[in-house]
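A.B. asks: Sharing a structure below in structure tokens format, with a few things to ask.
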Amino acid sequence: MPGRGRREAVYGQARQGLRTRLAEAVAQRSRRRRAALFQRLMAPAHGERLVDVGCGEIGVAAFVAGLEVTGVDRTPRPGYEAPGRSFVQADARRLPFDDSEFDIAYSNSLIEHVVESGDRARVAAEIRRVGRRYFVQTPNRWFPVEPHALVPGVHLLPRRLGRRLWRLGVSDDPFDETLLLGAGELRRLFPDAVVVRERVGPLTKSLVAAGPPEALTRPRAP
């Protein structure tokens with residue numbers, strides 16, 4: 001897929017070392033495959049409007065061309081705006097857009113940072129409300145290595161123990177601001193979605209909820 005800007009490092013803000021170098025290589029490969037999956041399922045047409053909920057520094061705008069992209073984040077992103085690209089600072093639980101204002105609503109690695117179940121449901125409902133079709137990615141809870149801290153199994157432990165071991169990881173993000181989802185919870189949040197598994201070998205590394213099914217070009221079975 002044609003690119004539109006710089007590549008954003010997945011672990012650019014993490015403590016650097018062998019773990020992050022290896023994880024960065026895996027993450028960039030996954031992102032390339034995700035870009036191809038997005039293209040295949042969403043089939044974006046030139047001039048369509050896309051909202052990137054939780055855009056970070058650049059987000060989906062790094063790998064789509066010909067779309068009008070609106071990035072949304074609760075943190076100011078002063079370097080985000082560019083030709084064909086605008087930014088709105090907003091809370092994903094209450095997006096300041098009309099129903100079906102965008103052709104595509106996109107969100108990558110955001111919803112696992114919304115830890116309260118009621119808030120997660122609100123974010124999911126907002127994504128489905130503002131986009132005629134949607135593409136939402138999140139790391140899989142049952143992958144053996146927690147993708148933010150890069151500590152095996154820390155996310156599967158009782159919360160008190162996981163909180164103590166989190167400091168052994170590479171992330172400065174607080175432990176209590178990350179709670180990974182499995183496929184079942186993702187389906188409950190997006191009940192009309194096709195859930196696609198992104199794999200590393202035989203293991204499911206991440207999950208994508210895409211929908212509604214009738215708007216997808218090549219839906220895949222869960």
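A.B. asks: Mind listing the phi-derived Karplus ³J(HN,Hα) values for the stretch 53-66, rounded to whole Hz, using 6.51, -1.76 and 1.60 with θ = phi - 60°, and x for any glycine or proline?
C.D. replies: 8, x, 6, x, 5, 8, x, 5, 4, 6, 10, 10, 10, x
A.B. asks: Largest first and to the nearest Å, give the Cα extent of the stretch 70-161 along each principal axis.
C.D. replies: Cα spread of the stretch 70-161 along its principal axes, largest to smallest: 44, 28, 20 Å.
A.B. asks: Let me ask something else. Report the gain in length on full extension from Val88 to Gln13: 0.36 nm times residue separation, minus Cα-Cα distance, nm rounded to one decimal.
C.D. replies: Between Val88 and Gln13, full extension yields 24.7 nm more.
A.B. asks: May I pose another question? Within 10 Å of each candidate Cβ there may be at most 13 other Cβ atoms; applying that plus a DSSP loop requirement, which GluC sites (Glu not before Pro) in the stretch 104-192 survive?
C.D. replies: Passing both the DSSP loop test and the Cβ count: Glu116.
A.B. asks: How much of the DSSP beta bridge set in the chain is antiparallel, as a percent to the nearest 5?
C.D. replies: 45 percent
A.B. asks: When a footprinting reagent is the concern and you count Cβ atoms within 10 Å, what order do Thr217, Thr138 take, fewest first?
C.D. replies: Thr217, Thr138
A.B. asks: Based on the alpha carbon coordinates of the chain, what radius of gyration and maximum Cα-Cα distance (Dmax) apply, in Å?
C.D. replies: 16.7, 49
A.B. asks: Now, a different point. I want to verify the translational diffusion coefficient of the stretch 144-207 in µm²/s; compute it with Stokes-Einstein, Rh as the Kirkwood radius over Cα pairs, at 4 °C and 1.567 mPa s.
C.D. replies: D = 100 µm²/s.
A.B. asks: Counting other C-beta atoms within 10 Å, which of Leu67, Leu150, Leu18 has the fewest, and how do the rest follow?
C.D. replies: Ascending number of Cβ neighbours within 10 Å: Leu18, Leu150, Leu67.
Taken together, the values in this text are just the output of simple stated rules run on the coordinates, not laboratory data. Keep in mind it's a predicted model, so treat the numbers as computed, not measured. Cβ coordinates were reconstructed from backbone atoms using ideal geometry, including for glycine residues, and neighbour counts include every protein chain displayed.
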